[in-house]
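This report concerns only the one structure given below.
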């Protein structure tokens, strides 16, 4: 008995699997809502807010005087003229780095992760 597998069936199955995987990711995102915070517009710049918050815990341990309102104000001003990628590249080029839990991060990203941890 010969299996009836055509290129068309493989493409349909592969496409269906991709759609289901994407739907699963979206459902996970929808089910894990965060409490609203005054920093949501900034935190939306992060690809994974939960992972950033975990890194942010290490950042907060390194920065004694972390003031969320002041950090948010500075970040908003920074993002008026550049995006996160540009800010991180500029930080790295100018040696503005923060070490947290073995990670060496551009300062802008580190502060954003700290803000994510504070918003949890």
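The values are calculated or read from the model by the stated rules, or taken from the named source; none is laboratory data. Computed from a prediction, not measured in an experiment: that's the story for all the values here. Neighbour counts are summed over all protein chains in view; Cβ atoms, including those assigned to glycine, are modelled from backbone coordinates with ideal geometry.
Structure summary
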{"quantity": "Any hit, region 32-52, residues being at pLDDT below 90 and over 25 Å from residue 109 (Cβ atoms)", "calculated": "no"}
{"quantity": "Residue that is farthest from residue 51 (Cα to Cα), among those in region 63-120 that are within 19 Å of the chain's Cα centre (by Cα) and in a loop (DSSP other than H, G, I, E, B)", "calculated": "82"}
